[in-house]
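Take a look at this one; I'll ask things after.
The values are calculated or read from the model by the stated rules, or taken from the named source; none is laboratory data. None of the values given here were measured: they were computed from a predicted structure. Note that we place each Cβ from the backbone using ideal geometry, even for glycine, and neighbour counts take in every protein chain shown.
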Amino acid sequence: METKKHKQKKNHVVIVTSNAEDAKVKQFQIRPWLLWLVIITLCLVIGVGFGYILYEDQIWNAANQKIAVHQGTVKEMEQKLQTQQEAADDEAKRYEEEIDRLKEEMELLTSTVGLQKEEVEALKAERDELYNPVLLPLTGAATIEEISEGEPSCIFNASEGALVVATASGTVTEIIEEPEQGYKVTIDHSNGYVTIYRNISTPKVKQGEEVMQGITIFVMDSNSLKLGYQIMKDGIFVNPMEVIEIDG
């Protein structure tokens with residue numbers, strides 16, 4: 001029978017010694033593939049070193065260019081952000097100015113509304129005053145006789161030519177002719193007050209007419225120097241002297 005021959009493995013031997021007399025010799029066995037690996041690695045290192053030495057300027061120039069490009073990009077972004085920030089600050093400033101302007105307008109409007117409200121209230125008070133029967137019902141000098149029994153009233157004795165006037169603004173709701181007292185004129189002032197005027201002269205107003213405070217109702221002549229005057233408040237007769245404002 002034939003015997004198989006085993007392939008003999010080859011190893012490289014590295015001998016390390018020195019020139020000393022008693023130096024010992026050391027041997028290291030290195031497998032071929034490991035030796036080749038070491039040789040290839042050394043070649044690569046040497047090649048990279050020579051390549052770096054030969055192309056050092058190009059390498060650094062390329063690196064510097066990349067750094068410059070990166071720095072330029074960063075600077076451009078910073079400038080863009082700064083521009084956007086400045087625009088945002090300007091916009092915020094405009095908004096603040098607009099808010100301040102609106103506040104001033106609001107304060108002015110509030111002040112104007114307040115003044116207008118005061119004016120409206122004053123005008124309303126003046127208007128309400130016009131509808132309150134506080135004036136004397138005639139012009140010129142006169143004597144007054146109060147009647148408290150029954151329906152309270154006042155009898156005014158005036159001089160010829162005196163004018164009987166509406167003591168407040170309102171609407172003439174009734175004009176009737178009474179047998180003994182002449183004409184009765186009733187004015188409703190739309191606030192609960194009703195005034196009644198009696199005189200034998202012909203009335204100067206008409207039923208349904210809107211009259212202003214102070215308008216002439218009668219003109220007294222020598223035959224009509226007495227005026228009967230009454231006031232009602234919410235349907236109840238009240239003493240006219242408690243309502244009339246007499247100066248002096």
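In the list Ile200, Ile246, which residue meets the criterion of being closer than 27 Å to Lys124 by Cα and among the β-branched types (Val, Ile, Thr)?
Details: Ile200 fails: closer than 27 Å to Lys124 by Cα.
Sole residue among the options that is closer than 27 Å to Lys124 by Cα and among the β-branched types (Val, Ile, Thr): Ile246.
Being part of a loop (DSSP other than H, G, I, E, B) and acidic (Asp, Glu) is the filter; apply it to region 142-158 and report the residue that is nearest to Leu130 (Cα to Cα). Spell out how you get there, then give the answer.
Initially, region 142-158 is screened for residues part of a loop (DSSP other than H, G, I, E, B), giving 148-152.
Imposing the further condition that a residue be acidic (Asp, Glu) reduces the set to 149, 151.
On the way: Glu149: 29, Glu151: 25 Å.
Filtering first and then ranking leaves Glu151.
For region 197-248, which positions are small (Gly, Ala, Ser), surrounded by fewer than 11 Cβ atoms within 10 Å (Cβ to Cβ) and within 13 Å of Asn157 (Cα to Cα)?
Within region 197-248, the first condition is being small (Gly, Ala, Ser), and the residues that meet it are 201, 208, 214, 222, 224, 228, 235, 248.
With surrounded by fewer than 11 Cβ atoms within 10 Å (Cβ to Cβ) added as a condition, the list becomes 208, 222, 235, 248.
Scanning region 197-248 gives a single hit, Ser222.
Between a residue in region 159-185 that is touching a residue at least 24 places away in the same chain (Cβ under 8 Å) and part of a loop (DSSP other than H, G, I, E, B) and any residue that is surrounded by fewer than 13 Cβ atoms within 10 Å (Cβ to Cβ) and of a type in the set (Val, Ile, Thr), which pairs come within a Cβ distance under 9 Å, given they are 6 or more apart or on different chains?
Close Cβ pairs (under 9 Å, with a partner that is surrounded by fewer than 13 Cβ atoms within 10 Å (Cβ to Cβ) and of a type in the set (Val, Ile, Thr)) do not exist here.
Do you know which residues across region 167-211 are touching a Leu at 6+ places or on another chain (Cβ under 8 Å) and not aromatic (Phe, Trp, Tyr)?
Just the residues of region 167-211 that are touching a Leu at 6+ places or on another chain (Cβ under 8 Å), to begin with: 167-169, 197-199.
Hits for region 167-211 are Thr167, Ala168, Ser169, Arg198, Asn199.
If you don't mind, there's one more thing I want to ask. Is it the case that some residue within region 119-127 is assigned to a strand (DSSP E or B) and either more than 19 Å from the chain's Cα centre (by Cα) or in the same structural domain as Asn199 (by TED's automatic domain parsing) (or both)? Explain how you work it out, then say what you get.
Filtering region 119-127 for residues assigned to a strand (DSSP E or B) gives none.
No, region 119-127 contains no residue that is assigned to a strand (DSSP E or B) and either more than 19 Å from the chain's Cα centre (by Cα) or in the same structural domain as Asn199 (by TED's automatic domain parsing) (or both).
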